[in-house]
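Visitor: Take a look at this one; I'll ask things after.
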Amino acid sequence: MSLSARAAGNRSFAVGGLLTLALLATAALSLVWTPLSPYLIDVPQKLQLPSARHWFGTDSLGRDVFSMLMVGAQNSILVGVIAVSVGLLLGTALGVLAAERRGWVEEAVMRLADFTFAFPAILLAIMFTAVLGAGIVNSIIAIGIFNVPIFARVARGSAKAIWQRDFVMAARAAGRNRLGITLVHILPNILSVLSVQVTIQFANAILWEAALSYLGLGTQPPQPSWGRMLNDAQAQLFQAPWLALFPGFAIMLAVLGLNLLGDGLRDLLDPRGTRRAIAAPPARR
Amino acid sequence: MGRFLLQRLAGFVATLVAASVVVFLVLEVLPGDAAQVMLGPEAPAETVRALAHKLGVDRPPLARYLGWVEGMATGDLGTSYAYDTPVGELVAPSLALTLPLAALAMTLNTVLGLTLGLYAASRHNRLGDIVVMSLSQIGIALPTFWVGILLILLFAVALGWLPAGGFPGWSAGFWPALRALILPAVALALVQGAILARVTRAAVLDVMREDFVRTALAKGLSPGAALRRHVLRNAMIPIVTVLGLQLSSLLVLTIVVENVFSLPGLGHLILNAIANRDIVVVRDAVMLLAAMVVVVNFVVDLLYVAIDPRLSLREP
């Protein structure tokens, strides 16, 4: 069966892909159109129930919740893309380096990775906020740093397995240098494993970003963010409980979509199905 | 075995020292002038100098670092700038909330995750398995703080069974204090339990495919006995790994959940300290949390060997 046929038949991949596409499309659409401005404060219209004008109602300042949710998607994607790219690039570089050099380089990289786990993203964000003040950049740096050892471990593990394969032996026998082998043979062969990890870390980044914004350590108002919206909604829990539902569902659907996409990718890229178990490090939230 | 323990102990101490250096560098050296950060950019130079002297930050960095480490070793955590009280007196009561909360959440998580995971594995590819796996897929997509808010909506706002937040203190009696921790612990345990259920199921199914399990079944051992005697012990390594990671996650996640339920724990202390620019408190509390994470990782390393003694012979 071709890869595209199997992709269509894989339920996780199909559902996850659709949800992820919806997330990206919402963010893209919000760049050019939202039903109303998410920044438009209209206090007399505050805490409205959902209606034809305000599809998801209004918040405590009369802003349109639906428009805020749309723009909030941009925010989650922005943080996720930058933070995961930082982790992917630095972590993969360190991981393949460790697999190539072995010896003390590998030892040093892995000890550094172990050590970084002593500082979960929230602790890093707290330290940066205490020094630099709250802001979206803190959450990006904190989540980015947190992602580095995760990608380093995954890249090292898969790269070491590829180094044992016959075609790498052949390339070495043919006199190719180790850097050339890493670029031509190792990297392309660990891309599929890395792509699975990217979707999962993207999902985790969205969760982390929401938590940091909720705590007031991440994205700052008036920039709409899903975590911040839940913080505001909690203050109105008795008057307008429905406000606490929409941003939470948005986060849940985005994370669910990316996780399912990751699961589906793993199944598709590993047709023997021997690694159906979730091999990724568990989410730290 | 002795060499293994020594190696691990050395690694543990080295990690703690490295963590303290990072905390010190980020929170004390990076901002340049801690006194200026605390007082804000508009503070008069005279006041900044006076506070710098009072905090001791006008001394060279190495002397300050050694003084800080010595203080931590002897239990003297410095003085909070905002409250003008010893940090130890702020941290101790907050830990009396955070540690029981994390312990309660960990217990609920373990019971929930192991039960659901074992059940799903025993019903592999049947209805029960599919239901548990679908629910856990949703569970791991939920932000913990949103689960907390939903629990408040249901059990405090709608039903009025449990308090929406706040903590009466252990002096108010065991039950009233515990009542205040139930919803926060459930919020933490639901999400982590979903992760644990998936890992448990996967680990058990992996071991059940092994030859020695087939042999055990072939020689007539009942499935229950094979599970107890052969499968569980071998599935324990990934499960213990995840439990260790979850305990450190739970300790850190209490920061978020304490905020949802307005509980005066360590996380609450840290966020207030940030708002007050009270760097001394942030430094000590962050170090304390990082140290707890390092200790948990160390204990998990030792547990591996208790579960599978072969591991002490292998290269790390």
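The values are calculated or read from the model by the stated rules, or taken from the named source; none is laboratory data. It should be emphasised that the depicted structure is a prediction, and the values quoted were computed from it without experimental measurement. No Cβ is skipped: glycine too gets one built from the backbone with ideal geometry, and neighbour counts run over all protein chains shown.
Visitor: Given the conditions (1) of a type outside the set (Val, Ile, Thr); (2) within 12 Å of chain A (Cβ to nearest Cβ); (3) over 19 Å from residue A:11 (Cβ atoms), report the number of the one that residue B:118 does not fulfil.
Guide: Only one criterion is unmet by residue B:118, namely (2).
Visitor: Could you please find all residues in the stretch A:234-248 being among the hydrophobic types (A, V, I, L, M, F, W, C), farther than 19 Å from residue A:37 by Cα and touching a Ser or Thr at 6+ places or on another chain (Cβ under 9 Å)?
Guide: Pass one, the stretch A:234-248, residues among the hydrophobic types (A, V, I, L, M, F, W, C): A:235, A:237-238, A:240, A:242-246.
The next check asks that each one be farther than 19 Å from residue A:37 by Cα; those that pass are A:235, A:237-238, A:240, A:242, A:244-245.
Answer for the stretch A:234-248, where residues must be among the hydrophobic types (A, V, I, L, M, F, W, C), farther than 19 Å from residue A:37 by Cα and touching a Ser or Thr at 6+ places or on another chain (Cβ under 9 Å): A:235, A:240.
Visitor: Of everything in the stretch A:209-245, what is within 20 Å of the chain's Cα centre (by Cα), under 19 Å from residue A:50 (Cβ atoms), more than 8 Å from chain B (Cβ to nearest Cβ) and assigned to a helix (DSSP H, G or I)? Give them in sequence order.
Guide: Just the residues of the stretch A:209-245 that are within 20 Å of the chain's Cα centre (by Cα), to begin with: A:209-220, A:223-230.
Retained after the next criterion (residues that are under 19 Å from residue A:50 (Cβ atoms)): A:224, A:226, A:229-230.
Next, only the ones that are more than 8 Å from chain B (Cβ to nearest Cβ) stay: A:224, A:226, A:229.
Within the stretch A:209-245, A:226, A:229 qualify.
Visitor: Using the structure shown, decide if residue B:129 is among the acidic types (Asp, Glu), buried (at least 16 other Cβ atoms within 10 Å of the Cβ) and out of contact with any strand residue (DSSP E or B) (no Cβ under 6 Å at 6 or more places or on another chain). If you could, list the steps in order and put the result at the bottom.
Guide: Values: among the acidic types (Asp, Glu): yes; buried (at least 16 other Cβ atoms within 10 Å of the Cβ): yes; out of contact with any strand residue (DSSP E or B) (no Cβ under 6 Å at 6 or more places or on another chain): yes.
Yes.
Visitor: For residues in the stretch A:4-58 being farther than 20 Å from residue A:251 by Cα and of a type in the set (Phe, Trp, Tyr), which is surrounded by the most Cβ atoms within 10 Å (Cβ to Cβ)?
Guide: The selected residue is A:39.
Visitor: Looking only at helices (runs of 4 or more DSSP H) that lie completely in the stretch B:178-279, which have at least 3 residues being away from every other protein chain (no Cβ under 12 Å)? Step through it out loud before you land on a result.
Guide: Details: elements: B:211-218, B:223-226, B:232-260, B:266-275.
Answer list for the stretch B:178-279: B:211-218, B:223-226, B:232-260.
Visitor: Please tell me if residue B:32 is under 20 Å from residue B:14 (Cα atoms), small (Gly, Ala, Ser) and either modelled with pLDDT of 80 or more or not in a helix (DSSP H, G or I) (or both). Steps first, please.
Guide: Details: under 20 Å from residue B:14 (Cα atoms): no; small (Gly, Ala, Ser): yes; either modelled with pLDDT of 80 or more or not in a helix (DSSP H, G or I) (or both): yes.
So residue B:32 does not fit the description; no.
Visitor: I'm trying to understand the selection: among the residues of the stretch B:1-32, which are within 11 Å of chain A (Cβ to nearest Cβ) and either surrounded by fewer than 17 Cβ atoms within 10 Å (Cβ to Cβ) or farther than 18 Å from residue B:279 by Cα (or both)?
Guide: Result: B:11, B:12, B:14, B:15, B:16, B:17, B:18, B:21, B:25, B:29, B:30, B:32.
Visitor: Can you tell me which of B:266, B:271 is of a type outside the set (D, E, K, R) and surrounded by fewer than 23 Cβ atoms within 10 Å (Cβ to Cβ)?
Guide: Details: B:266 fails: surrounded by fewer than 23 Cβ atoms within 10 Å (Cβ to Cβ).
So the residue among B:266, B:271 that is of a type outside the set (D, E, K, R) and surrounded by fewer than 23 Cβ atoms within 10 Å (Cβ to Cβ) is B:271.
Visitor: Find the helices (runs of 4 or more DSSP H) located wholly in the stretch A:46-139 whose residues include 1 or more that are under 30 Å from residue B:29 (Cα atoms), within 14 Å of chain B (Cβ to nearest Cβ) and without any contact (Cβ under 8 Å) to a residue 40 or more places away in the chain, and list them. So that I can check it myself, show each step before the final result.
Guide: Values: elements: A:65-101, A:103-116, A:121-132.
Ranges flagged: A:103-116, A:121-132.
Visitor: From B:82, B:96, grab the single residue that is under 22 Å from residue B:270 (Cα atoms), more than 21 Å from the chain's Cα centre (by Cα) and in contact (Cβ under 8 Å) with a residue 60 or more places away in the chain. Full working, then the answer.
Guide: Numbers: B:96 fails: more than 21 Å from the chain's Cα centre (by Cα).
B:82 is the lone residue from the list that is under 22 Å from residue B:270 (Cα atoms), more than 21 Å from the chain's Cα centre (by Cα) and in contact (Cβ under 8 Å) with a residue 60 or more places away in the chain.
Visitor: Residue B:305 versus (1) touching a residue at least 12 places away in the same chain (Cβ under 8 Å); (2) out of contact with any helix residue (DSSP H, G or I) (no Cβ under 6 Å at 6 or more places or on another chain): which is the lone unmet condition?
Guide: (2)
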